[in-house]
Amino acid sequence: MNKNESVNAITDLSQRDLTFAKEVKRRSSIDFNTCLHCQSCAGGCHFSKYMDYMPNSIIRLAQLGLKQEALTCSSIWICVSCNTCSIQCPMGIDISAVTDAICQIAIDEKVAVGEPDILKFHQNVLKTIKRYGRTHKLEIMLRYKLYKHDWFSDMGVGLKMMTKQKLDILPSRVKQMPYIKSIFAQKKAI
Amino acid sequence: MQRIASRNISYYPGCSMATTAHESNLSLLELFNRIGYNLIELEDWNCCGSTSAHNIDSQVALDLAVRNLFLAPPDRPLMVACPNCFLRLSHAHFALNQDELKRRKYEKEWGTPYNTNLKILHFFDLLEDINVFNSSSNEIKSLQGLRFVSYYGCMLSRPNTLQFDNDYYGLIEKTLTSVGGESISWPYYSQCCGTFLSVAKPDIITPIVNEIMQGAIDAKADCIVTACAMCHLNLEVRCNMQNPVPTLHLSELLSLVLGCSEYKSWFSRHLVDPQPMLKSKGLIQ
């Protein structure tokens, strides 16, 4: 459903999942029922025009139990957690903690996420942390390009970054890796 | 009154400062050396987890951040220069202080009590606390004639639980105008640069970054000054305009004011060379 459809269509409430709001609240530790739906968050968000649901609409989806709509939407992945919405919010709701919780439910329930490329990017970032204890930007970018089968769109930028020594060939590493490895031991999604 | 008494400070660089933004790291170390502080890199630090970890796995995010907190020596504050790392480590510190069960679990794993009084500082806490220009015996160069716009991006936007005592908007302006720089107000000072979307969604980021850059050009600024390595990277890498103004790390500019002449290895890493502009202002040779 795109943004316009979501505004114009009559919302089908027959498939509500009334446990969803509780689960989002449990994971995020955020009481989003204080939301006034004043849309200050949407007004402040610099990325809202690229979102299918405004930040407060995501909260509304959770409140109504429209789980599938929430889990498959793009907005939760487009959100960069810049917290601009949180400082605009008159109720002080940590909205990015709410979107994080919904992202994580979407991963656990293996739904087709709204922005698979962004999820892939995050997984690639965490793969390098799992391997080195620190991120390795060159590897993150190469893995991402490999996944996209797209070697050309950013070639100019990549070369510029290489010549300006912005992309180290070798990763910076943690020495004591066992603890880092143990963090990721049970994590199949990463 | 100075709140930060210790001259020895643990320093957490984070992945960006340690790799893509070497120049920011080097200039920060230079700056602190010049004002008489000893930054001691946190031994064997690991990635804070960044947005990727807290987005897709809160447990991994907390584990990664907590490891750094347990590595921090108890006798001195821990300074974090990257705003995102600062937020992740502060969030973990808050969680350990709030949740005794969680704290006990980690204390058992690490075999040591957690230092709940650990002071986590951002670079701005020190900048607010001390007058950098009084703390150095070096001759101070004037920024007379330098028109700059301050770019905070989202670095000072924090969730409700992590709102701190100080609101640092205006600190870059206050610091640089005190040595003659001319601050120009503009509408983009707190607009987020888009951070990681730069890789997965460059089509979203380029117009945002171009708009910020156009804002600086319209303001007739000589440069943009930022204190975030991620903002710096996105402004340089994703802006596709013909004549962008250079973006400087605040630590680079402050080091130059304090007379540093070892800047070649910093500026050679900028995609938009700031040297012609800095030469024209008499800040470098």
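Rounded to whole Å and ordered largest first, report the semi-axes of the equivalent ellipsoid of the stretch B:97-158 derived from its Cα gyration tensor (root of 5λ). Provide the component values of the computation, followed by the final result.
Details: eigenvalues 330, 60, 13 Å².
They are 41, 17, 8 Å, listed largest first.
When you take every Cα atom in the stretch B:1-149, what is the radius of gyration, and what is Dmax, the widest Cα pair distance, in Å?
16.9, 57
Fewest to most neighbouring Cβ within 10 Å: what's the order for B:HIS249, A:HIS46?
The order, fewest Cβ neighbours first, is A:HIS46, B:HIS249.
For the stretch B:241-285, what does the convex hull of the Cα positions come to per residue, in cubic angstrom? Don't jump to the answer; show the numbers that get you there.
Values: hull volume 3.3 nm³, N = 45.
Cα convex hull per residue, to the nearest whole number: 73 Å³.
Does anyone have the angle between helix B:58-71 and the longest principal axis of chain B? Alpha-carbon axes, 0 to 90°, nearest 10?
90
Taking only Cα atoms, what is the 0 to 90° angle, nearest 10, from helix B:83-98's long axis to the longest principal axis of chain B?
For B:83-98 against chain B, the angle is about 20 degrees.
Starting from the Cα-Cα distance between A:LYS148 and A:SER182, subtract it from 0.36 nm times their residue separation and give me the gain in nm to one decimal. Don't jump to the answer; show the numbers that get you there.
Working: separation 34, 0.36 × 34 = 12.24 nm, distance 2.98 nm.
My answer for the length gained is 9.3 nm.
From the Cα trace of the stretch B:139-280, what convex hull volume per residue do you get, rounded to a whole Å³? Walk me through the numbers on the way to the answer.
Values: hull volume 17.2 nm³, N = 142.
Dividing the Cα hull volume of the stretch B:139-280 by its residue count gives 121 Å³.
Taking just the C-alpha trace of the stretch A:92-140, give me its Rg and Dmax in Å.
Both quantities, over Cα of the stretch A:92-140: 13.0, 38 Å.
Check cross-link reach from A:LYS67 to the lysines: straight Cα distance under 18 Å, and skip same-chain residues fewer than eight apart.
Once the sequence-local lysines are set aside, what remains near A:LYS67 is A:LYS3, A:LYS22, A:LYS25, A:LYS110.
If amide hydrogens are placed 1.01 Å from N in the peptide plane, which non-local residues have theirs closer than 5 Å to the one on B:LEU121?
Residues meeting the amide H criterion: B:LEU78, B:MET79, B:VAL80.
With everything on Cα atoms, drop me the angle between helix A:137-148 and the longest principal axis of chain A, reported from 0 to 90° to the nearest 10.
Computed tilt is about 70 degrees.
In whole Å, what three semi-axes, largest first, describe the equivalent ellipsoid of the stretch B:190-266 built from its Cα gyration tensor (square root of 5 times each eigenvalue)? Walk me through the intermediate numbers first.
Details: eigenvalues 113, 41, 21 Å².
Over the Cα atoms of the stretch B:190-266, the semi-axes work out to 24, 14, 10 Å.
How big is the Kirkwood radius of the stretch B:106-207, worked out from every pair of different alpha carbons and given in Å to one decimal?
Working: mean 1/r = 0.0579 Å⁻¹.
Computed over Cα pairs of the stretch B:106-207, the Kirkwood hydrodynamic radius comes out at 17.3 Å.
At q = 0.17 Å⁻¹, what log₁₀ I(q)/I(0) does chain A have when each alpha carbon counts as one equal point scatterer in the Debye sum?
Summing over Cα pairs of chain A leads to -1.15.
Compute the Rg/Rh shape ratio of the protein assembly as shown: radius of gyration over Kirkwood radius, all on alpha-carbon atoms. Could you put the intermediate results ahead of the total?
Details: Rg = 22.2 Å, Rh = 23.2 Å.
Result: Rg/Rh = 0.96.
Residues in the stretch B:235-272, backbone N under 13 Å from the label point at B:GLN285 (7 Å along the Cα-to-beta-carbon vector): list them, ranges by number please.
Counting only backbone N, you get B:260-264.
Using helices alone, I'd like the mean residue ellipticity at 222 nm for the protein assembly as shown: each DSSP H run of four-plus residues gives -39500 (n - 2.57), total over residue count, nearest 500. List each step's numbers first, then the result.
On the way: 26 runs with 233 residues, N = 475.
That calculation yields -14000 deg cm²/dmol at 222 nm.
Rounded to the nearest 5, what % of the DSSP beta bridges within the protein assembly as shown are antiparallel ones? Walk me through the numbers before you get to the answer.
On the way: 0 of 19 bridges.
Percent antiparallel among DSSP bridges in the protein assembly as shown is about 0.
If you build the convex hull over the alpha carbons only and average its shadow over all orientations, what do you get for chain B? Give it in nm² to one decimal. Each step should come with its number before you reach the end.
Numbers: hull surface 59.2 nm².
The orientation-averaged projected area of the Cα hull of chain B comes to 14.8 nm².
Enter the per residue convex hull volume of the stretch A:116-184, computed from alpha-carbon coordinates, in Å³ rounded to the nearest integer. Display every interim value, and only then the final one.
Working: hull volume 5.4 nm³, N = 69.
Hull volume over Cα atoms, normalised by residue count, gives 78 Å³.
Based only on other Cβ atoms within 10 Å, what is the fewest-to-most ordering of A:ILE180, A:ILE76?
Values: A:ILE180 20, A:ILE76 30.
The most exposed by this proxy come first: A:ILE180, A:ILE76.
Using 7 Å Cα-to-Cβ label points, what is the B:ASN240/B:ASP75 separation (nm, one decimal)?
5.5
Every number in this text was worked out from the coordinates using simple rules, so none of it is lab data. What you see is a predicted model; the values in this text were computed from it and never measured. Cβ atoms come from the backbone with ideal geometry, glycine included; neighbour counts cover every protein chain shown.
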